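Working notes, structure below.
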Amino acid sequence: MINSHYLYFLKHNLTSRIFKQKRPLLAGFKITYRCNLKCRSCPFWKYKTDDISYETALKVMDKFYEHGVRLLIFEGGEPFLWRDGKYKFEHLIQYARQRFFRTGITTNGTLPLKSSADIIWVSIDGLKKTHELNRGICFDKIIANIDSSSHPNLLANITITRLNHHEIPELIKFLKPKVKGITIQFYYPFPNSEDLSLTEEERINVLDELIELKRKGFPILDSTAALQALKRNTWRCHDWLIANAEPDGRINVGCYLKDRAEISCDKCGFAAHTEISMAYSWNWGAIMVGKKTFDFKIF
């Protein structure tokens, strides 16, 4: 019998097309803005909002589920720092796993990579010198945590910036034996760090390098179709497929930047939006990325 996940995704797609019921599938949940790093490329550690409470977090997850979300990614800040009295981050993970098809974490990797979440993404923004230009002294600790982790679905995510675009091939080769797969996104020019953005020519060049590395068998999970589309953002965005929540419990459906920064679609580099939008449009490569990244079985 076909796995019920696929039946849900098919029903969701057809319902949105036939009955115009546009409901999100994937959600990012910022449970805290607190972080133990102060990265140049991230504005969120500067925010002073309290961590979400345990009870409010459960209500947010319930609302996500009611809205249609079936893939949940915990974010920060640094999500492994979250606490609420006797409750630890793992308590949120355990609740989420009861509700959603897959539960993931994005982390800076400075804390032990131990979790029952289905996926852990570790942010790696360059080889040691470059990574630490953005994030501070932390690279050796992160790599040690990756090397010592027994998590079965440990991935790296690279945010491509002016600082690291020249060494992406070397970084991919360095990460290949350490993680199960690699995803990328391009830096979005948040206020006061616009200098980290690439020119169009630089962006196209690095995407060509990634496509070639993928062709050679390096574990780049992003589809070739999405990498091509990101060159000049020629893909059609279905931003309603994604929802986001903040530590104060607010939920937005749509672009990651909604109520966070000025939205400029031509500067978008959020590959997750690209991939899920192309999957909705029946791009086979993007659909297979979802299957592989979230480790869905057909039967």
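The values are calculated or read from the model by the stated rules, or taken from the named source; none is laboratory data. Just so it is clear, the model here is predicted, and its values are computed rather than measured. Cβ placement follows ideal geometry from the backbone for every residue including glycine, while neighbour counts extend to all protein chains displayed. To get the accessible areas, we keep the full protein, side chains included, count just its heavy atoms, and leave off ligands, DNA and RNA. Shrake-Rupley method; radii C 1.70, N 1.55, O 1.52, S 1.80 Å.
Structure notes:
- Scanning the stretch 170-204 for residues that are part of a helix (DSSP H, G or I) and either open to solvent by less than 20 Å² (accessible area, probe 1.4 Å) or free of Cβ contacts under 8 Å to residues at least 12 places away in the same chain (or both) yields Leu171, Ile172, Leu175, Glu194, Leu196, Glu201.
- Residue count, the stretch 226-248 (criterion: surrounded by 19 or more Cβ atoms within 10 Å (Cβ to Cβ) and either over 17 Å from the mean Cα position of the chain (by Cα) or β-branched (Val, Ile, Thr) (or both)): 4
- Evaluation of Lys11 against (1) in contact with a strand residue (DSSP E or B) (Cβ under 8 Å, 6 or more places away or on another chain); (2) in a helix (DSSP H, G or I); (3) of a type in the set (D, E, K, R) (one fails), failing number: (1)
- Scanning the stretch 249-279 for residues that are hydrophobic (A, V, I, L, M, F, W, C) and open to solvent by 70 Å² or more (accessible area, probe 1.4 Å) yields Ile263, Cys265.
- Applying the condition of being in a helix (DSSP H, G or I) and either farther than 21 Å from Thr159 by Cα or β-branched (Val, Ile, Thr) (or both) to the stretch 249-282 and asking which residue is farthest from the chain's Cα centre (by Cα) yields Tyr280.
- Meets criteria (touching a Leu at 6+ places or on another chain (Cβ under 9 Å), open to solvent by 10 Å² or more (accessible area, probe 1.4 Å) and under 25 Å from Lys46 (Cα atoms)) for Phe218: no
- Cβ pairs under 7 Å, 6+ apart, first in the stretch 214-229 and within 19 Å of Ala156 (Cα to Cα), second of a type in the set (S, T, N, Q) and in a helix (DSSP H, G or I): Lys214/Thr224; Leu221/Thr293; Ala226/Thr274
- Here Lys30 fulfils each of the conditions (1) among the charged types (D, E, K, R); (2) within 23 Å of Phe296 (Cβ to Cβ); (3) open to solvent by less than 10 Å² (accessible area, probe 1.4 Å) apart from (2).
- Flag if Gly285 is within 15 Å of the chain's Cα centre (by Cα), on the phi < 0 side of the Ramachandran plot and among the small types (Gly, Ala, Ser): no
- Exclusive hit being outside any loop (DSSP other than H, G, I, E, B), more than 30 Å from Pro43 (Cα to Cα) and of a type in the set (D, E, K, R), set Lys292, Lys297: Lys292
- Residue, nearest to Thr183 (Cα to Cα), within the stretch 280-299, restricted to residues that are β-branched (Val, Ile, Thr) and open to solvent by 30 Å² or more (accessible area, probe 1.4 Å): Ile287
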